[in-house]
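None of the figures in this text is laboratory data; all of them are computed from the coordinates on show. Model, not experiment: these values are computed from the prediction. Methodologically, a virtual Cβ is constructed for each residue, glycine included, from the backbone with ideal geometry; neighbour enumeration extends over all protein chains shown.
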Amino acid sequence: MDKLDVTGVHIIEAALTTMPGSPGVYRMLDPKGGALYVGKARNLKKRVTSYTQLARLPERLRRMVAGTASMEIVTTHTEAEALLLEANLIKRLKPRYNILLRDDKSFPWLMLTGDHPYPQLAKHRGAQTRKGDYWGPFASAWAVNQSVQTLQRVFLLRTCADTVFANRTRPCLLYQIKRCSAPCVGRIAEADYARLVAQAREFLSGKSGVLQKELAAAMQEASDRLEFEQAAAIRDRIKGLTLMQGSGVINPASLGEADIIAVHQAAEQACVQVFFIRGGHNNGNRSFYPANTASDGPGAVLAAFIAQFYDDKPPPPLLLLNHMPDDTPLLAEALSLKAGRRVHITVPQRGEKLDIVLHAATNAREALERKLAEAAGQGKLLAAVAELFGLPETPRRIETYDNSHIMGTNAYGVMVVAGPEGFMKSAYRKFSIKSAITPGDDFGMMREVMERRFGRSLAEDPGRDSEQWPDLVLIDGGAGQLSAARAIMEELGLEDIPLVGIAKGPDRDAGREWFHMQGHAPFQLPPRDPVLYFLQRLRDEAHRFAITTHRAGRSKKLVTSELDEIPGIGAARKKALLQHFGAAREVKGAGLKDLEAVTGINRATARAVYAFFHPGARLPDD
């Protein structure tokens, strides 16, 4: 037992003197207050005491104890509440020694708005604050887009925004191709549209069988009345309905509401595959690769994954798994508490449910095999980069910088990050240039970006102990950009971080890039060199991110436009104006009487808007 271990044990023993024997969550913290580990317990005192018995701990936990400088606890009423709090804290704090769910971005949902006479069918992400009905989650944007397209074909619901709807004067192309009933121009009565909305709700809620019978009867009635065009339209809707109900190995009709979750482990890594079944429909699947799973079995991985996965989303009534998670009864109790109803966790042993889980397990295995193969290729490329630029070891974090602007306006700098597992998109950063930039002063932009990025990192981590420091920095540019970046790094005392500039040749042909390094003459790589392709990908990704960031910023500025500069015009009045006129440009050209006709805009506000866009114009007296 070394001195560090003893120090950590003494800190834990000191915390135990005042620790209660009730349920709760404990946090082990490093000297800077960062979370090393978050755990839950039915009896905090009894659970934490186990960390003082070092001889019984695995090496990973011995290191955790050695790094512990302080402890914090939060008591809860029950162990199930402690589990939910633990999952929330792990996702938020990302402790070094916990199994971590990564790539858990928000999932898309399907939405039917409830604040308009003709509800809109749309894809939705984020907080569900708008009045309406939501179905999901869907595994990907592609999955929800496919469902939207099929639902358009079956139920003819509008997908256009309310502002577009309010300003249509004739049907759009979707009406012509029989994907919308054109309520915007009165081609369908409100009651008939409401019937379509009700049918869509029934279908999305899993009542597709009843709906199919209704459509079949309606088609027969239309045919009996010799209304063959209407019968053909209903036939097309039935075909679309059948298409949405079709399924292969995953048979949603037999499940209703469920998630199928399977884990596969190999080479000290894990892949968790999740299939989403909602309303009897397969909403797609997604692969996850939890971190810090090398020393844990499938039960521990699934327990940690499930608790964190459902931290910000409602669990379905049934979870079908290929391994039983650790503390299954407690996990089911916690999920039931969160859902407000009973949640069952089971590992099927026979029948079609077993086939479904085995299919998910096969997907998990194949996804992990692909990832390991890609990582092996990525590792070889990173080793070759280290050799090319004379790095002391294979880089685990490469940052690439670029900027974008139009004659100095809407200027942005960006940072993209790559490592052994490819692009690390969660680490990407945008920098809106705050200083006045002379048109064409790319050097000045680069100086500001590097100063903000590394200046802030030094302030937060002066010892450079975290993993957020790059092993290599690539600059999209030649000697000038490299010199600007180098000057800032030297001012910050970071001259030990390798910097490389990538500049295109005089004809700007890809494949003829020049590489610039301090103390080396510029050089090129053979046109078909795999390392050249890899470095081009990094540079191109930075360029793509810079362009999209610039466009988004420019569009946002256009959207905010001049309406935000008018005194007395807040979000509600701005929305009323835009919904009435369709665009800020139309508001600008509107007459005083037209402005006064807008719902929610009184006469004084209308005069203020008109005067703003027509300075010096004479207004009629009150």
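Please report the equivalent ellipsoid semi-axes of the chain, computed as sqrt(5 x eigenvalue) of the Cα gyration tensor, largest first, in whole Å.
With the √(5λ) rule applied to the chain, the semi-axes are 46, 40, 27 Å.
Using only helices, what value at 222 nm comes out for the chain when you add -39,500 (n - 2.57) per DSSP H run of length 4 or more and divide by the total residues, to the nearest 500 deg cm²/dmol?
It lands at -14500 deg cm²/dmol.
Charges on Cβ only, +1 for Lys and Arg, -1 for Asp and Glu, centred on the Cα centroid of the chain; of Tyr97, Leu204, Ala141, which one is farthest towards the dipole's positive end?
Leu204
Can you compute the modelled spin-label distance between Asn145 and Arg168, with each label point 7 Å from Cα toward Cβ, in nm?
Between Asn145 and Arg168, the label points sit 2.1 nm apart.
Hey, rough spin-label estimate for Thr346 and Ala216, points 7 angstrom out along Cα→Cβ, what's it come to in nanometres?
Here the answer is 2.9 nm between the modelled labels.
At 0.36 nm per residue, and after removing the present C-alpha to C-alpha distance, how many nm does the segment from Asp355 to Gln468 gain when stretched out fully?
My answer for the length gained is 36.4 nm.
³J(HN,Hα) across region 73-82 via Karplus (A = 6.51, B = -1.76, C = 1.60, θ = phi - 60°), whole Hz, x for Gly/Pro?
For region 73-82, the Karplus curve yields 10, 9, 8, 10, 6, 9, 5, 5, 5, 4 Hz.
How would Lys588, Lys131 line up from fewest to most surrounding beta-carbon atoms within 10 angstrom?
Final ranking by Cβ density, sparse to dense: Lys131, Lys588.
Compute the signed sum of charges (Lys and Arg +1, Asp and Glu -1) over the other residues within less than 11 Å, Cβ to Cβ, of Gly419. Walk me through the intermediate numbers first.
Values: positive: Arg396, Arg397; negative: Glu399, Glu421, Glu467, Asp471.
So the surrounding residues net to -2.
What are the ³J(HN,Hα) values, in whole Hz, obtained from phi via the Karplus relation 6.51 cos²θ - 1.76 cosθ + 1.60 with θ = phi - 60°, for each residue of region 32-47 in sequence order, with x given for Gly and Pro?
8, x, x, 6, 8, 7, 10, x, 10, 7, 6, 10, 4, 4, 5, 5
Taking other Cβ within 10 Å of each residue's Cβ, how do Thr548, Thr605 sort, fewest first?
Going from sparsest to densest Cβ surroundings: Thr548, Thr605.
Could you run the Karplus curve 6.51 cos²θ - 1.76 cosθ + 1.60 with θ = phi - 60° over region 163-175 and give me ³J(HN,Hα) per residue in whole Hz, x for Gly and Pro?
5, 5, 4, 5, 10, 6, 10, 8, x, 8, 4, 4, 5
Which of the listed residues, Phe431, Gly256, Ala270, is farthest toward the dipole's positive end in the chain, when Lys, Arg count +1 and Asp, Glu count -1 at the beta-carbon?
Result: Gly256.
Mind checking the log10 I(q)/I(0) for region 3-93 at q = 0.17 Å⁻¹? Debye, one equal scatterer per Cα, no solvent, two decimals.
Taking Cα atoms of region 3-93 as identical point scatterers yields -0.67.
Quote the convex hull volume per residue of region 252-369, based on C-alpha atoms, as a whole number of Å³.
95 Å³
Express the relative contact order of region 109-205 as a whole percentage, based on alpha carbon pairs under 8 Å and six or more residues apart in sequence.
25 percent
Name the residues whose placed amide hydrogens come within less than 5 Å of the amide hydrogen of His344, ignoring near sequence neighbours (fewer than 5 apart) on the same chain.
Long-range HN contacts for His344: Leu318, Leu319.
Taking amide H positions as placed in the peptide plane 1.01 Å from N, state which residues far from Arg396 in sequence (5 or more) or on other chains have amide H under 5 Å from it.
Amide H to amide H, under 5 Å and 5 or more residues apart or across chains, Arg396 pairs with Asp471.
Roughly speaking, what is the centre-to-centre gap between region 319-359 and region 41-104 when only Cα atoms are used, to the nearest Å?
With region 319-359 and region 41-104 each reduced to a Cα centre, they are spaced 24 Å.
For labels at Ala127 and Ile547 in the simple 7 Å Cα→Cβ model, what's the distance in nm?
3.5 nm
Once you keep just the Cα pairs under 8 angstrom separated by 6 or more residues, what percentage relative contact order results for the chain?
Worked out over the chain, it gives 8 percent.
Once you list every other residue whose beta carbon is under 11 Å from the beta carbon of Gln269, what net charge do they have if Lys and Arg are +1 and Asp and Glu are -1?
That sum, taken over residues with Cβ under 11 Å, equals -2.
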